[in-house]
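Asks: The structure is given below, and queries will be raised subsequently.
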Amino acid sequence: MRRLAVSLVAVALLAACGGGGGSAQPSGSIKVTMTEYKFDPSTISVPSGKVVFYLVNAGSASHDMVISDSSGSTVGRSDLISAGDSFVFTLSNLAAGTYSFLCDQPGHAASGMKGTLRAT
Ligand SMILES: [Cu+2]
């Protein structure tokens, strides 16, 4: 019975680590901190191809990240990230070009929560 209890704790810990929230920064990822109302950094340059963002919400409201190409088409959208949480956001094959990104929570982009992404 004791052994079963220990196993259940191990499973619970693994589940906690595997979820979207509170994960550690993956190696090679680009850390972007979200607060009211900005992304830091707000200008990001990356090699084209697979791009991994590590989004950290250090603010007090929920935020997300929506990336659009120059024609306004969405190329990627993160989960909505709660205050104090983090999220690993992957673009599997970003073409070279200039993109804009913003938080599409009401009023956030208009308050400055936006930026520019360049892939080369
Ligand atoms: Cu926001």
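Each reported figure results from applying straightforward, stated rules to the coordinates on display, with no laboratory input. Treat the numbers as computed from the prediction; the structure is a model and nothing was measured. Methodologically, a virtual Cβ is constructed for each residue, glycine included, from the backbone with ideal geometry; neighbour enumeration extends over all protein chains shown.
Asks: Using only Cα atoms, what Kirkwood radius does region 27-120 have, in angstroms? Before the final figure, lay out each step's value.
Replies: Values: mean 1/r = 0.0772 Å⁻¹.
Hydrodynamic radius (Kirkwood, Cα pairs) of region 27-120 is 13.0 Å.
Asks: Tell me which of H63, I30, M113 sits at the most positive position along the dipole axis of region 22-119, charges placed on C-beta atoms (Lys, Arg +1; Asp, Glu -1).
Replies: In region 22-119, that residue is I30.
Asks: Moving to a separate point now. Near K50, which lysines are there with a Cα under 19 Å away, not counting those fewer than 8 places off in the same chain?
Replies: List returned: K31.
Asks: What spacing in nm lies between the two simple spin-label points modelled at K31 and S60, each 7 Å away from Cα in the Cβ direction?
Replies: The two pseudo-label positions are separated by 2.3 nm.
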